[in-house]
Amino acid sequence: MVHGHSRQPAIARSASPLTGRVRVPGDKSISHRSFMLGGLAAGETRITGLLEGEDVMRTGAAMRAMGAHVEKLGAEWVIQGTGNGCLLEPEGALDFGNAGTGARLTMGLVGTYDMQSLFIGDASLSGRPMGRVLDPLRQMGVEVLEAAPGDRMPIRLRGPRTAAPISYRVPMASAQVKSAVLLAGLNAAGITTVVEPVMTRDHTERMLVGFGASLSVETDAQGVRHIAIEGRGRLAGQVIEVPGDPSSAAFPLVAALVVPGSDVVIENVLMNPTRTGLITSLIEMGGRIEFLGRRTAGGEDVADLRVRASELSGVTIPAGRAPSMIDEYPVLAVAACFAEGATLMQGLEELRVKESDRLSAVAAGLEANGVDCEEGEASLLVRGRPGGRGIGGGMVATHLDHRIAMSFLVLGLAAEKPVRIDDQTMIATSFPEFLPLMSKLGASIEVLEPVEG
Ligand code: S3P
């Protein structure tokens with residue numbers, strides 16, 4: 001196990017129905033990008049609804065270290081950016097903690113500058129592959145002065161005098177890689193093109209346009225997206241309203257579906273179609289999810305979700321849906337535990353390089369709790385037991401992964417026996433309000449005495 005910090009186990013037990021209205025924190029992807037683009041753009045950016053999780057705060061600290069002025073005034077985050085092309089060399093290491101998005105996008109953002117930058121992170125982040133971002137950066141002229149074996153952190157970059165614009169075909173479905181190249185293109189003279197065969201979340205494209213970048217997207221006859229950005233343009237500060245994170249809403253949402261008698265409303269959830277694969281899948285399984293008050297806020301579709309306890313049936317989730325629900329498989333696997341029949345999830349190869357190897361972490365956690373499942377190379381099959389009969393009683397190893405921790409606490413809310421996780425501390429990286437929010441709905445989750453890791 002990758003520990004070495006003080007762990008805080010937690011236990012979830014089945015309880016009364018979940019009821020009430022809640023609002024989940026701001027979207028993590030948009031929050032990271034708000035700090036980055038606000039810190040880079042000339043003038044003032046004002047952000048409301050920002051996710052104040054540890055991951056996003058690391059990105060804020062990195063932008064400060066490179067010359068942006070970032071502060072919280074009342075409910076708003078106010079940033080004075082440096083202007084495109086004017087980031088300063090950071091004096092110390094940029095410590096991204098657990099945050100893959102913060103680290104990979106920032107490598108793109110600053111790698112092309114004629115300066116050095118050092119990237120470090122926790123045990124989980126230091127084990128994750130960074131070559132997927134370093135490869136295109138190398139093509140743009142960035143030198144990797146230092147890296148652990150397999151292009152892992154700590155990583156020290158040295159930018160070229162003048163970065164070369166490139167055309168880059170993203171070899172895996174990854175919004176982080178796409179975004180890193182587009183952000184690197186902001187500081188290259190000319191047009192940088194990203195070719196994206198499988199569409200992933202498009203927040204970087206949308207927000208770059210909002211900040212004034214000259215960016216165009218063309219989708220060819222094969223459905224391949226060609227995203228072109230012109231470097232060295234002017235970016236201007238914006239006013240941003242961050243919608244609620246669908247990847248965080250996923251936890252109370254699945255909990256409400258599987259805890260009998262529940263009826264919950266989750267307000268202001270981002271409905272960008274590149275993020276709603278979980279909701280599509282749960283509705284196919286028979287989940288009673290209603291969209292109330294669909295509207296546009298800050299250039300994105302949002303809705304309030306009414307979710308009621310439902311009798312679920314197993315389905316096959318096609319591989320093509322993976323990019324729109326890539327962070328939601330652990331909690332979908334939990335929903336599948338309570339469905340009639342088997343649920344098959346395919347196209348999961350990217351799950352192996354998340355905050356943990358999520359495919360094996362989910363399978364191990366399910367097995368420890370008596371769930372019948374089969375882990376394939378890039379697939380997971382879960383045989384459900386309606387009512388949760390015989391499920392639970394196990395201890396789950398979370399491997400510093402917030403989504404593993406939250407998913408298995410949700411399992412415990414509807415399983416016959418309680419479910420324990422070995423650590424809940426890293427939930428604060430993405431969803432610091434998770435425990436109080438769940439207990440407001442009526443969930444029974446207890447945090448236990450800390451254990452030295
Ligand atoms: C993210 C992209 C996804 C996702 C991550 C956030 C982003 O990662 O898993 O939580 O904000 O761009 P990949 O690009 O590795 O798929």
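The values are calculated or read from the model by the stated rules, or taken from the named source; none is laboratory data. Computed from a predicted model, the values in this text were never measured in an experiment. Cβ sites come from the backbone with ideal geometry, for glycine too, and all protein chains shown count toward neighbours. For the accessible areas, the whole protein counts, side chains as well, though only heavy atoms, and no ligand, DNA or RNA atoms are used. Shrake-Rupley method; radii C 1.70, N 1.55, O 1.52, S 1.80 Å.
Structure above, values below:
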{"read-out": "Matching residues, region 265-278, being open to solvent by 20 Å² or more (accessible area, probe 1.4 Å) and either closer than 25 Å to residue 418 by Cβ or part of a strand (DSSP E or B) (or both)", "value": "267, 268"}
{"read-out": "Residues satisfying the stated conditions in region 98-151, i.e. charged (D, E, K, R) and within 16 Å of the ligand (Cβ to nearest atom)", "value": "104, 122, 128, 132, 135, 151"}
{"read-out": "Qualifying positions in region 1-11 - surrounded by fewer than 16 Cβ atoms within 10 Å (Cβ to Cβ) and not hydrophobic (A, V, I, L, M, F, W, C)", "value": "4, 5, 6"}
{"read-out": "Total residues in region 284-293, condition part of a strand (DSSP E or B) and more than 23 Å from the chain's Cα centre (by Cα)", "value": "4"}
{"read-out": "Odd one out for residue 27 among (1) more than 16 Å from the ligand (Cβ to nearest atom); (2) among the acidic types (Asp, Glu); (3) out of contact with any Lys or Arg (no Cβ under 7 Å at 6 or more places or on another chain)", "value": "(1)"}
{"read-out": "Selection from region 143-159 of residues that are closer than 12 Å to residue 115 by Cα and touching a Phe, Trp or Tyr at 6+ places or on another chain (Cβ under 9 Å)", "value": "156, 157, 159"}
{"read-out": "Residue check for residue 422: in contact with a helix residue (DSSP H, G or I) (Cβ under 7 Å, 6 or more places away or on another chain) and of a type outside the set (Val, Ile, Thr)", "value": "no"}
{"read-out": "Some residue of region 405-426 being surrounded by fewer than 23 Cβ atoms within 10 Å (Cβ to Cβ), aliphatic (A, V, I, L, M), more than 14 Å from residue 13 (Cα to Cα) and modelled with pLDDT of 95 or more", "value": "no"}
{"read-out": "Subset tally (residues that are of a type in the set (A, V, I, L, M) and open to solvent by 10 Å² or more (accessible area, probe 1.4 Å)) for region 12-23", "value": "1"}
{"read-out": "Any hit, region 183-193, residues being within 14 Å of the ligand (Cβ to nearest atom) and modelled with pLDDT of 95 or more", "value": "yes"}
{"read-out": "Count of residues meeting criterion [away from the ligand (no atom under 15 Å from the Cβ) and under 30 Å from residue 97 (Cβ atoms)] in region 346-372", "value": "8"}
{"read-out": "Residue list for region 212-233, filter: part of a strand (DSSP E or B), more than 16 Å from the ligand (Cβ to nearest atom) and not aliphatic (A, V, I, L, M)", "value": "216, 218, 219, 226, 230"}
{"read-out": "Candidate set from region 202-211 (those that are in contact (Cβ under 8 Å) with a residue 12 or more places away in the chain and open to solvent by 30 Å² or more (accessible area, probe 1.4 Å)); member that is nearest to the ligand (Cβ to nearest atom)", "value": "206"}
{"read-out": "Every residue from region 24-70 that is within 23 Å of residue 297 (Cα to Cα), surrounded by fewer than 24 Cβ atoms within 10 Å (Cβ to Cβ) and among the acidic types (Asp, Glu)", "value": "44, 52"}
{"read-out": "Single unsatisfied condition, residue 217 versus (1) open to solvent by 30 Å² or more (accessible area, probe 1.4 Å); (2) in contact with an Asp or Glu (Cβ under 9 Å, 6 or more places away or on another chain); (3) farther than 26 Å from residue 163 by Cα", "value": "(3)"}
{"read-out": "Residue check for residue 381: touching a strand residue (DSSP E or B) at 6+ places or on another chain (Cβ under 8 Å), more than 20 Å from residue 424 (Cα to Cα) and within 14 Å of the ligand (Cβ to nearest atom)", "value": "no"}
{"read-out": "Residue check, residue 73 surrounded by fewer than 18 Cβ atoms within 10 Å (Cβ to Cβ) and out of contact with any Leu (no Cβ under 7 Å at 6 or more places or on another chain)", "value": "yes"}
{"read-out": "Single unsatisfied condition, residue 154 versus (1) touching a helix residue (DSSP H, G or I) at 6+ places or on another chain (Cβ under 9 Å); (2) farther than 12 Å from residue 103 by Cβ", "value": "(2)"}
{"read-out": "Residue among 281, 262, 247 that alone is open to solvent by less than 10 Å² (accessible area, probe 1.4 Å) and without any contact (Cβ under 8 Å) to a residue 60 or more places away in the chain", "value": "281"}
